[in-house]
Amino acid sequence: MEYTTMKLSTTKAENLTESLFGIKGKATALPGEIDFNFKIEVSGADGYILKVSRLEEELSYLEYQQEMLQHVAKNPKVQSPQVIKDVNGRDVSSFEDDQGNTRRVRLLTWITGRVWSQVNPQLDDLRNSLGIQCGLLSKALADFDHPMAHREFVWDVAQGLWTKEHLHLFDDEQRIILSHFIGIFEDSAAGYSVLRKQVVHNDANDNNIIVTKTLIGPSVEAFIDYGDAIYTQLINDLAIACAYAIMGHNDPLDAALPIVAGYHHSYPLMEEELEHLFVAIAMRLIISVTKSAINKIEEPENTYLLISEKPAWEVLNKWYKVQKDFAHYSFRSVCGFTPHPDHDKFITWTQESTPELKDLFPTISYKDVFPIDLSVSSTWVGHQEEFNDLDFLQFRIEQLQKEHPEKVIAGGYLEARALYGTSSYGKMGNQGNESRTVHLGVDFWLPTHTPVHAMWDGEVVTAINDAGNKEYGGLVILKHQKKDFHFFSLYGHLTVSSATAHKVGELIKAGDAIGELGNYPENGNWAPHLHFQLMHSLLGFKDDFPGVAYPNQIEVWKGLCPNPNLIFKKSALEQTQKLTNSELIAFRKEHLGKSLSLQYKVPIKMVRGAGQYLMDQLGRKYLDMVNNVAHVGHENHAVVRAGQEQMALLNTNSRYLHENINAFAEELLATLPDELSVLHFVNSGSEANELAIRMAKAVTGQRDIIASEVGYHGNSNMCVDISSYKFDGKGGSGAPEHTHIFPLPDAFRGKYRGENSGAQYAEEVKKQIEIIEAKGRGVCALIVESIISCGGQIELPRGFLSKAYNYVRSSGGICIADEVQVGCGRVGKSFWGFELHGVVPDIVTIGKPIGNGHPLAVVACTEKVANKFANGMEYFNTFGGNPVSCAIGSQVLRTIRQQELQENALTVGIHLKQQLNELSLDYPIIGDVRGQGLFLGFELVDHQLNPLADQADYLANRMKDHGVLMSTDGPDNNVLKIKPPMVFTMENAEELLFLLSKILSEDFMQIN
């Protein structure tokens, strides 16, 4: 009978619930493949689910499900739907439909929560809880059996070879994928057939998994719909849970691992079961897409039958690219087994093996090694630009060798490096971009053409001569057969002729020549060295093998590529244990000031910077959206070199003549209005603002300062006294007597709102002037950031600054523009933020961005201010204007000009601001987007404009998880600020927007 003619109305469902079970409630139709399901809502209770069966369903099949539920209900560790008996005490009730057919009816308790498909995001902890609950349910069913559990069933993975008959329903590319996995399944039938079997749930799909309602840290609560339960291989139940839960993830293997670990924790798996998990996951997906293809023909109206088709194909396409053995070893690793089964045998063998370095390099006399550090945090590596200069690198290696003439320069096993920059070393993972950084072998740095010999008898399995090979150049891999195991040794960065001298299958004896070390570019474009690596498996590779791994896979790779020092036994090659993040945090808490905070709920250890990125100790790159101090890019090579070169010559105070201070002053003055013609050099923004206030006091003879609410101007005593952000915040005691605060000029949520609020906020400045004058005092100065940063990236309303300046100057006061954060081309339209408002301040303060993070700051002022400040009391600053700082400052300005970074800020900033506004249409939680150039912010609010600080904090931390650094600001901590290094590109902007859209769609970010 057709699906549409068998359907029931919600009214009929309500009547059945009341007449058969004595329960009155409101029915809502639910999807289902076999049963017709209805949620029955009852006042004051969780409710029920009514299941009306199709005609062809046997009573024994329904009784089987009820008995199974009642069996599971006995286990206190597992939550499941409870069987509700009908008014006659039966587990399965019945009624006669309009066509005179007897229909079976069951009523079960409703499990409160959300189905898996409605949960976003589905993170590792949630998937781990899925595995835990799936294991607990399997364990609860271990002693249950029933004749119906042994039926023929198309959804049983063990019976999945029926899908071969339907391969004709798919196109050529799809058939290749399906046939690939079906072939593996057939080939492994002998081992698979003897695995543990029992009754399992068999249908942990994304609509049968109930998750708690909590939006942060949800967990799996229960499974529903036991209709597919079957007696089959135990591993199939885990495979099914994985197959559906890894949908929608860029890296499905990585997504599966927490599920496997959770299941094993609850119900320990056997090693032989893990061998078949990879293909069992694929077979479930194959059954799903095959059923969908058939159902599109048989029941096109039943859209539920097609719900998993597209995501199942997406996973199959990705699963096809996963190496089967690597998946197996990954499963073993998360279950606590050695990743490779032969690893322990290899360890035992190495304890008896005694080769020497001269066996590998017979022409050298060195017996020991000197360790070289090429890690992300290595100071020897220095700037990456220098390391990529291969001639210079080779020179440095040779110099190091001269310092240690009796040792081989060597090292690198499991060393995280920042040296692999091409796209072949990266991918988009489940949480943003990932890079292969962890080195899997040991490098021996020796002269070109140094001979390399075999240490053991072996068979050539790889010999390639592709000089363009990005990892190795000339490469030879040998297979070594031992008594009851084998392993492989890899020799990379050889000459091309080394590879052409061998053929696959050739037998090589211990002591035979393998090849010679190559030089760049034929050796993969590295300085001459041997990359030596050991492997338990080739993972299906024929012409290559990874020499560098992703950090999140390191435990697997450690087990697949054992430490070569197990062979050489050199103490210098032992890995130095560095302090963990937890140890670093513990020390900070004990010995550093308690007011010194860390960013993010889970802090990051940063060890290197490069342009718009920061890197942690494992080489993960984080796109830096908040560090405006690194103005022209973290560790900008030209800036670093300028400082190094001058530091090597001279660094002293400004009481001596030196060209650098004049050159820097000339470069800087060229960016400023003619009126601002005198400069004073200091070391920080705080010091600049401190000096500016001191100058204003000297000029006016007054002490009263007017500043903005939530303004921040530095951490010195005087600066804190004029910073509402500090004295009105935690630990503050309010405004001092001579500080006068006007309301934050926020046109979005401030005291006055809208485009025309500038004049109203200017009037607030005027009120402060009147308050000061009413006390018989005069105005000293007005100090305002050109875009108020800590206030939440607040753009000053149109007309505000010019009117406020007029009021202040009319009262005899000085106008100070704080450009510490916003200056030096960042706003795009102009070099200085105050220029956006058509004003010229009396004093401008410039901070660390002018030194790209070097402690350099400047106070620029009019000649009138400078002359009055020079009242006989000398102003001297030991480090202000020193030759090194001035060399750096000049180079920063030249870099801004030469690389057109102001123009870049304008172009990228306009695009980013436009796209953020577009994003706000889809996600109204973004209430306001503001700022100029690469000094932007967006504010999170609800429909009543109430601030959403928790959501802002969540967004910042989730973006960090995806490799993007953001932080919050504003009086309510609900503004995300965007002020990256000025080398931030359009591609970076697109990555930011993509990830923002992804995370804004998550459950916690939704507003009602």
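The values are calculated or read from the model by the stated rules, or taken from the named source; none is laboratory data. Computed from a predicted structure; not experimentally measured. Glycine gets a Cβ as well: all are built from the backbone with ideal geometry, and neighbour counts include every protein chain shown.
Odds and ends about this structure:
- Of all residues in segment 504-544, those that are closer than 17 Å to Val408 by Cβ and part of a loop (DSSP other than H, G, I, E, B) total 4.
- Residue in segment 221-230 that is closer than 30 Å to Leu955 by Cα, surrounded by fewer than 20 Cβ atoms within 10 Å (Cβ to Cβ) and not assigned by TED's automatic domain parsing to the domain that holds Asn430 present: yes
- Inspection of segment 799-806 identifies at least one residue that is assigned to a helix (DSSP H, G or I), in contact with a Pro (Cβ under 9 Å, 6 or more places away or on another chain) and of a type in the set (Ser, Thr, Tyr).
- Residues in segment 366-385 that are touching a residue at least 40 places away in the same chain (Cβ under 8 Å) and outside any strand (DSSP E or B): Tyr366, Ile372, Asp373, Leu374, Ser375, Val376, Ser377, His383, Gln384, Glu385.
- Whenever a residue of segment 863-888 is closer than 30 Å to Ala638 by Cα and at pLDDT 90 or above, its partners that are surrounded by 24 or more Cβ atoms within 10 Å (Cβ to Cβ) and not aliphatic (A, V, I, L, M), lying with C-beta atoms within less than 7 angstrom and at least six residues away or across chains, give the pairs Ser885/Gly851; Cys886/Phe664; Ile888/Gly851; Ile888/Asn852.
- Residues (at pLDDT 95 or above and within 16 Å of His439 (Cα to Cα)) located in segment 532-547: Phe532, Gln533, Leu534, Met535
- Single residue of Gly791, Gly828 found to be touching a helix residue (DSSP H, G or I) at 6+ places or on another chain (Cβ under 7 Å), part of a loop (DSSP other than H, G, I, E, B) and over 21 Å from Ala696 (Cβ atoms): Gly828
- Among the residues of segment 900-931, not one is within 24 Å of the chain's Cα centre (by Cα), over 20 Å from Glu991 (Cβ atoms) and without any contact (Cβ under 8 Å) to a residue 60 or more places away in the chain.
- Sub-9 Å Cβ pairs linking a first residue in segment 580-601 that is farther than 25 Å from Asp950 by Cα to a second residue that is loosely packed, with under 12 Cβ neighbours inside 10 Å and modelled with pLDDT of 80 or more, at least 6 apart or interchain, are Asn581/Val602, ordered by first then second residue.
- Yes/no for Thr363 being touching a residue at least 60 places away in the same chain (Cβ under 8 Å) and surrounded by 18 or more Cβ atoms within 10 Å (Cβ to Cβ): no
- Residues located in segment 45-95, provided they are under 22 Å from Glu152 (Cβ atoms), of a type in the set (A, V, I, L, M) and within 46 Å of the chain's Cα centre (by Cα): Met68
- Meets criteria (among the hydroxyl-bearing types (Ser, Thr, Tyr), modelled with pLDDT under 90, over 29 Å from Phe831 (Cβ atoms) and in the same structural domain as Trp832 (by TED's automatic domain parsing)) for Ser723: no
- Test: residue in segment 599-611 that is of a type in the set (Lys, Arg), assigned to a helix (DSSP H, G or I) and either buried (at least 21 other Cβ atoms within 10 Å of the Cβ) or at pLDDT 90 or above (or both): no
- Of all the criteria given as (1) in contact (Cβ under 8 Å) with a residue 60 or more places away in the chain; (2) surrounded by fewer than 16 Cβ atoms within 10 Å (Cβ to Cβ); (3) assigned by TED's automatic domain parsing to the domain that holds Gly248, the one not satisfied by Ser129 is (2).
- Residue among Glu403, Glu434, Glu415 that is surrounded by fewer than 17 Cβ atoms within 10 Å (Cβ to Cβ), charged (D, E, K, R) and on the phi < 0 side of the Ramachandran plot: Glu403
- On the stretch given as segment 769-780, residues that are assigned to a helix (DSSP H, G or I), in contact with a helix residue (DSSP H, G or I) (Cβ under 9 Å, 6 or more places away or on another chain) and surrounded by fewer than 22 Cβ atoms within 10 Å (Cβ to Cβ) total 0.
- Here Val629 meets the list (1) of a type in the set (A, V, I, L, M); (2) modelled with pLDDT of 95 or more; (3) out of contact with any strand residue (DSSP E or B) (no Cβ under 6 Å at 6 or more places or on another chain) almost entirely, failing just condition (2).
- Note on segment 262-278: residues that are in contact with an Asp or Glu (Cβ under 9 Å, 6 or more places away or on another chain) and over 18 Å from Arg127 (Cα atoms) total 0.
- Which listed residue, of Val632, Val639, Val626, Val699, is of a type in the set (Val, Ile, Thr), crowded, with 21+ Cβ neighbours inside 10 Å and in a loop (DSSP other than H, G, I, E, B): Val632
- Of everything in segment 58-75 that is assigned to a loop (DSSP other than H, G, I, E, B) and over 20 Å from Ile209 (Cβ atoms), the residue that is modelled with the lowest pLDDT is Glu58.
- Whichever residue in segment 712-762 is at positive phi and touching a helix residue (DSSP H, G or I) at 6+ places or on another chain (Cβ under 9 Å) and, among such residues, is surrounded by the most Cβ atoms within 10 Å (Cβ to Cβ): Gly714
- Taken over segment 203-217, the criterion of being assigned to a loop (DSSP other than H, G, I, E, B) and either crowded, with 23+ Cβ neighbours inside 10 Å or of a type in the set (D, E, K, R) (or both) is satisfied by Asp203, Ala204, Asn205, Asp206, Lys213.
- Any hit, segment 474-481, residues being of a type in the set (D, E, K, R) and outside any strand (DSSP E or B): no
- Members of segment 238-270 that are closer than 16 Å to Val220 by Cα and among the polar types (S, T, N, Q): Ser266
- Residue match in segment 936-947 (condition: farther than 25 Å from Asn120 by Cβ, in contact (Cβ under 8 Å) with a residue 24 or more places away in the chain and crowded, with 21+ Cβ neighbours inside 10 Å): yes
- Of all the criteria given as (1) under 41 Å from the mean Cα position of the chain (by Cα); (2) modelled with pLDDT of 95 or more; (3) under 30 Å from Gln399 (Cβ atoms), the one not satisfied by His453 is (1).
- Test: residue in segment 461-479 that is buried (at least 21 other Cβ atoms within 10 Å of the Cβ) and at positive phi: yes
- Test: residue in segment 763-773 that is at positive phi, assigned by TED's automatic domain parsing to the domain that holds Ile794 and not hydroxyl-bearing (Ser, Thr, Tyr): no
- Residue in segment 810-820 that is assigned to a loop (DSSP other than H, G, I, E, B), small (Gly, Ala, Ser) and touching a Cys at 6+ places or on another chain (Cβ under 7 Å) present: yes
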